[in-house]
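Report on the structure given below.
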Amino acid sequence: NNQSNHGTSRNELKPDQSLPLPTATNPSIAKTILGGLAKHSTDLWLLYIRKQTRDSIRTAAAETKIPVPPPGYVPGAMTQTSVIHSQYEESLRLAYRERREKMREKVTRAYEVALEHGAGFAMNNHLIWKRYANFVKSWTGTAGGVGDGTAEIVNY
């Protein structure tokens, strides 16, 4: 018997399609619902990557705090006169390097998820591949040829 108590078939849509809160917020249900949506849409995957990039920047900034400058520190000075100021600059470099590494991991994972789920073979897939290649190139330096790995995360 394919009829429920309300006189409609199980496959037929009812006017009230809302799910109870515990069911709607269950991660496995969400994955099932979202798993097949628009795998072919390059634009949606690019939005996903952009959102993951922004989220990774926020998360890295929250997790890795920038140290407070010591008294008398002058940002941008060619040479710092004090050992404390030199140590502070080194701690700044370490903090920003740690932030970049955290962002890099999460953004790379976003590109990989998009490519694994169909964006790599969809129409206009060259947009994703080009941005992914530029993102990977940004790891080695800036356009000026500096290869110290201090290039910013490319956010398209």
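What follows is calculated from the coordinates using simple rules that are stated; it is not laboratory data. Note that the structure is a prediction, hence the values are computed from the model and not measured. Cβ: placed from backbone, ideal geometry, glycine included. Neighbour counts: every protein chain shown.
For the reader, a short list of remarks on this structure follows.
- Relative protection proxy for 103-113, 126-136, from highest mean packing down: 103-113, 126-136 (other beta-carbon atoms within 10 angstrom).
- Additional length obtainable on full extension of the chain from ARG58 to THR81, 0.36 nm per residue less Cα span: 4.9 nm
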